[in-house]
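Engineer: One structure follows; several queries about it will come next.
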Amino acid sequence: DGAARRVDVFARGPAGPAADALIRAYGGEVSAAGRVDANGRRALDLDPGSWVVVAVSEALGITQRDVDVVSANAPLPVELVLTEPAAERGDVLGEVVDPAGAPVRGAVLNVGGGDRPAEMPLGDNGIAVLNDTRIGPLTLRVAAPGYKPGRAEILDVGVGVQTRRLRL
């Protein structure tokens, strides 16, 4: 049966619930982003398949978890643990999407500057999480089979969290 399953997400930090977290799931589609409640919880209805569930918190950075959703009656619990970024570092969430906004499968992110590897395969969900990134300029360029190469995006990484959507 291909019915959606409830996924109960709990985002927490070192001192308890991450009440400022924004939750989004990436799979065959990108779910709408939504805030957790005061207890760090958010329910999602996800179709069966492989998903990456991401929590973004201005105070605690970014974390992600791979989740395999199968049809079942009981909710699937998912805990996301956030830790505060190191001083003078930032977190970046890169989303690679097609013109319609769907994740691009098999994309490769080329990163220039900072202290990251030059090339990062993104898999089926089209996302990259760059935790603990050095402050300063970072060049992001994306390529994927069947698409024209994306233009370079220059991001000035600062302390905290940044999200960049790269369209092919």
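The values are calculated or read from the model by the stated rules, or taken from the named source; none is laboratory data. Quick caveat, the model's predicted, so the values are computed rather than measured. Cβ coordinates were reconstructed from backbone atoms using ideal geometry, including for glycine residues, and neighbour counts include every protein chain displayed. Remember, those area values only see protein heavy atoms, side chains included, never the ligands or the DNA or RNA. Shrake-Rupley method; radii C 1.70, N 1.55, O 1.52, S 1.80 Å.
Yes/no per residue for (1) modelled with pLDDT of 90 or more; (2) basic (K, R); (3) within 30 Å of A152 (Cβ to Cβ):
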| site | (1), (2), (3) |
| --- | --- |
| D47 | no, no, no |
| I62 | no, no, yes |
| V78 | yes, no, no |
| E88 | no, no, yes |
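Engineer: Can you tell me how many residues in region 52-67 are touching a strand residue (DSSP E or B) at 6+ places or on another chain (Cβ under 7 Å) and open to solvent by 50 Å² or more (accessible area, probe 1.4 Å)?
Structural biologist: Adding up the residues that qualify gives 4.
Engineer: Any idea which residue in region 108-137 is least open to solvent (accessible area, probe 1.4 Å), counting only those that are small (G, A, S), more than 16 Å from G61 (Cβ to Cβ) and part of a loop (DSSP other than H, G, I, E, B)?
Structural biologist: Residues of region 108-137 that are small (G, A, S), as a first pass: 112-114, 118, 123, 126, 128, 136.
Add one more test, that the residue is more than 16 Å from G61 (Cβ to Cβ), and what stays is 112-113, 118, 123, 126, 136.
Among the residues that remain, those that are also part of a loop (DSSP other than H, G, I, E, B) are: 113, 118, 123, 126.
Numbers: G113: 44, A118: 69, G123: 36, G126: 1 Å².
The residue in question is G126.
Engineer: If the Cβ limit is 9 Å and pairs must be 6+ apart or interchain, which residue in region 5-20 that is surrounded by fewer than 17 Cβ atoms within 10 Å (Cβ to Cβ) and among the basic types (K, R) pairs with which residue that is at pLDDT below 95 and not in a strand (DSSP E or B)?
Structural biologist: Close Cβ pairs (under 9 Å, with a partner that is at pLDDT below 95 and not in a strand (DSSP E or B)) amount to R6/A74; R6/P75.
Engineer: Now for a different question. For the condition touching a residue at least 40 places away in the same chain (Cβ under 8 Å), under 21 Å from A102 (Cα atoms) and out of contact with any Gly (no Cβ under 9 Å at 6 or more places or on another chain), what is the one hit in V30, V56? Outline the logic, then answer.
Structural biologist: Values: V30 fails: out of contact with any Gly (no Cβ under 9 Å at 6 or more places or on another chain).
Checking each option against the conditions leaves just V56.
Engineer: Still on this structure: Among the residues of region 68-107, count how many are of a type in the set (A, V, I, L, M, F, W, C), open to solvent by 40 Å² or more (accessible area, probe 1.4 Å) and either closer than 16 Å to P121 by Cβ or assigned to a loop (DSSP other than H, G, I, E, B) (or both). Give the steps one after another, and end with the answer.
Structural biologist: Here is the first cut: in region 68-107, the ones of a type in the set (A, V, I, L, M, F, W, C) are 69-70, 72, 74, 76, 78, 80-82, 86-87, 92-93, 96-97, 100, 102, 104, 107.
Subset that is open to solvent by 40 Å² or more (accessible area, probe 1.4 Å): 70, 72, 74, 81, 86-87, 100.
Next, only the ones that are either closer than 16 Å to P121 by Cβ or assigned to a loop (DSSP other than H, G, I, E, B) (or both) stay: 70, 72, 74, 86-87, 100.
Matching residues across region 68-107 total 6.
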